[in-house]
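Participant: Below you will find the structure I want to go over with you.
We did not get these values from a lab; they are worked out from the coordinates using the rules stated. No experiment lies behind these values; they were computed from the predicted model shown. Counting neighbours? That spans all protein chains shown, and the Cβs are built from the backbone with ideal geometry, glycine included.
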Amino acid sequence: LDTRLPHPGPRVPILGDVFGADRDRPTQHEMALAAELGPIFERKLLDTHLVLVAGGELAGQCNDEDRWARALAGPTLKFRGIVGAGLFTAKTSDPLWGQARRILDPGFAQSALRLYHAAMQSVADDLIAHWDGRERVDVHEAMTNATLEVIARAGFSRNLGLFTDGGADPQVQTMLTALDQVLSWASESSNDLPVVGQVRGFLQQRAFAANLAQTRAYIDAIVADRVSGAEVGGDDLLGLMLDTVDPETGAKLPLDNVRDQVLTFLVAGHETTAALLEVTLWYLAARPDLAQRVVDEGRSRGFDYSGVAGMRTTRNVLNESLRLWPPVPGMFRVARTDQQLGGYDIPAGHAVFVLTLAAQRDAQVWGPTADRFDPDRWDAKALRRYPDRYFTPFGTGPRSCIGRAFAMQESALLISKICDAFVLDHVDEVGDEPVMRERGTLRPAPFSVAIAPRPGAS
Ligand code: HEM
């Protein structure tokens, strides 16, 4: 690896750049470091050399699939022990990954989203009924519940009861605890020094092992009921997953893999989408003019599948949230062959961390207002100059997010319905940007808003 790469100083012998890390806000700290060190730099910890790519143009180069590939590293690698060969954690070379992707792609296509619309709509209605009559609501809690309910209802036709009885079912409680513990474990111990992280990770893992085993059993039972016919399948993702045959091999997915996929969707789909919803509501509460435009669009288009699919203003708002605060703030890319990046040599097989968070705010790509929340930039003709390689909140290439259209449809529906029903206002004085916390994902620190019924709600 190129020894000329800039690094945060001072470097401690043997240990390396121990002063160059922030355990609680790692990627936000790295973004600040990039302002100092430039679009590419390294952080050495013991014998690990982590190269960070923070410039828009260089990040774009790493998205070139001919030269770079997705790397399983960091927290993603740790998830492998939890969700096995689920899509997110399978190696691209694993035949089961290709098979699962071919089987699951139709489950996330527009035709499938149309089927899930009623489930998504029911969650939006429950959320609004739950908020009705209140003056102040906990956005974090509500978005966690909404995104979990959407996956459970659209994914496997289960109402978790989070809006009605607080998810009182003990199996649901155990599952929620396990999901939360897994997320903390995957991120927290990754940010520690190697030995400290391993010890902490081991202890955390022991603490959630029983909850995870019960969660697997809960999902196994749902799958088994469906296969045996004890439960008649609805129009859901599980049904599509069980019925679809891989067009290439003619095989169906093994049932333990189906379980791992369901668990993957619960983990990969809820925290990320909740983060997007929260960031968006944070900005909308601060910008009544923008919220009104979202309302006008919803009222003119309506909230059925096609109405929501074509909501341009609302989608511009969501895109702008994803640009400034990508819920997955970075991704690992490995060099297929020897590469030059910003004048530095990166040898074949070395992985770099592309800091999407910083790259999507690079003024050289996005202009002088790059740090400003401006959804209208997505209408600008100039934006068409920016190919997908500069805007990658859902990753890139064959391993990019399978749930992209699902998340966008769900988010557009929830945001437009919430704005249609309520006027939102921040309770506390807020700055220009939300305060973000990190747990593998980048998500606003829990916040509440004041709400009042919006006149003319549908
Ligand atoms: C992959 C982001 C919602 C399921 C990814 C990746 C990103 C991402 C960046 C690629 C990670 C990498 O290259 O290491 C997001 C964001 C979401 C979201 C920002 C919401 C705003 C969802 C939803 C689901 C989902 C709703 C499922 C219901 C997956 C799966 C993969 C993935 C299965 C792995 C795909 C593969 O490797 O074949 N997501 N995601 N995501 N996401 Fe999402």
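Participant: Could you let me know the centre-to-centre spacing of segment 1-39 and segment 54-111, using Cα atoms, in angstrom?
Facilitator: Segment 1-39 and segment 54-111 have Cα centres separated by 27 Å.
Participant: Given the options Trp378, His350, Pro327, identify the residue whose Cα lies farthest towards the positive end of the charge dipole of segment 323-458 (+1 on Cβ of Lys, Arg; -1 on Cβ of Asp, Glu).
Facilitator: Result: His350, furthest along the dipole toward the positive end.
Participant: Which peptide among 415-427, 104-116 comes first, and what is the full order, when sorted by highest mean count of other Cβ atoms within 10 Å?
Facilitator: 415-427, 104-116
Participant: Separate question: Starting from the Kirkwood radius over alpha-carbon pairs of segment 139-250, derive D by Stokes-Einstein at 37 °C in a medium of 0.692 mPa s and give it in µm² s⁻¹.
Facilitator: The estimated diffusion coefficient comes to 203 µm²/s.
Participant: What is the Cα centroid distance between segment 251-267 and segment 386-458, reported in whole angstrom?
Facilitator: Spelled out, the Cα-based centre of one part sits 27 Å from the other.
Participant: Run the numbers for Lys252 and Arg4: contour at 0.36 nm per residue of separation, minus the present Cα-Cα distance, in nm. Please report the intermediate quantities before stating the final value.
Facilitator: Details: separation 248, 0.36 × 248 = 89.28 nm, distance 5.04 nm.
Value of the extension gain: 84.2 nm.
Participant: Next question. With a point put 7 Å past each Cα toward its Cβ, work out how far Gln198 is from Val12 in nm, to one decimal.
Facilitator: 1.8
Participant: Would you mind getting me the FRET efficiency between Ala452 and Arg404? Use the beta-carbon distance for r and R0 = 30 Å, nearest 0.05.
Facilitator: Here the calculated transfer efficiency is 0.35.
Participant: At Arg206 and Arg372, where each label point lies 7 Å from the Cα along Cα→Cβ, what is the point-to-point distance in nanometres?
Facilitator: Calculated label separation equals 5.5 nm.
Participant: Between Gln214 and Leu45, what's the calculated FRET efficiency when r is the beta-carbon distance and R0 is 35 Å? Round to 0.05. Intermediate results must be reported in sequence, preceding the final value.
Facilitator: Numbers: r = 35 Å, r/R0 = 1.01.
It comes to 0.50.
Participant: Which pairs, out of Lys91/Lys417; Lys78/Lys252; Lys91/Lys252, put more than 29 Å between their alpha-carbon atoms?
Facilitator: Distance filter (> 29 Å) returns Lys91/Lys417.
Participant: Then there is this: What is the pair-distance distribution P(r) of the chain, computed from all Cα-Cα distances in 20 Å bins starting at 0, with each bin given as a whole percent?
Facilitator: In whole percents, the pair-distance histogram is 24, 58, 18, 0.
Participant: If packing is taken as the average number of other Cβ atoms within 10 Å across a peptide's residues, how do 134-145, 77-88, 400-411 rank, most packed first?
Facilitator: 400-411, 77-88, 134-145
Participant: DSSP H helices in the chain with Cα extent of 30 Å or more along the helix axis and mean Kyte-Doolittle hydropathy at least -1.0?
Facilitator: Helix filter hits for the chain: 110-131, 194-228, 255-286.
Participant: Tell me the mean residue ellipticity at 222 nm calculated for the chain from its helices only (DSSP H runs of n ≥ 4, each -39500 (n - 2.57), averaged over every residue, nearest 500).
Facilitator: The helix contribution divided over the chain gives -16000 deg cm²/dmol.
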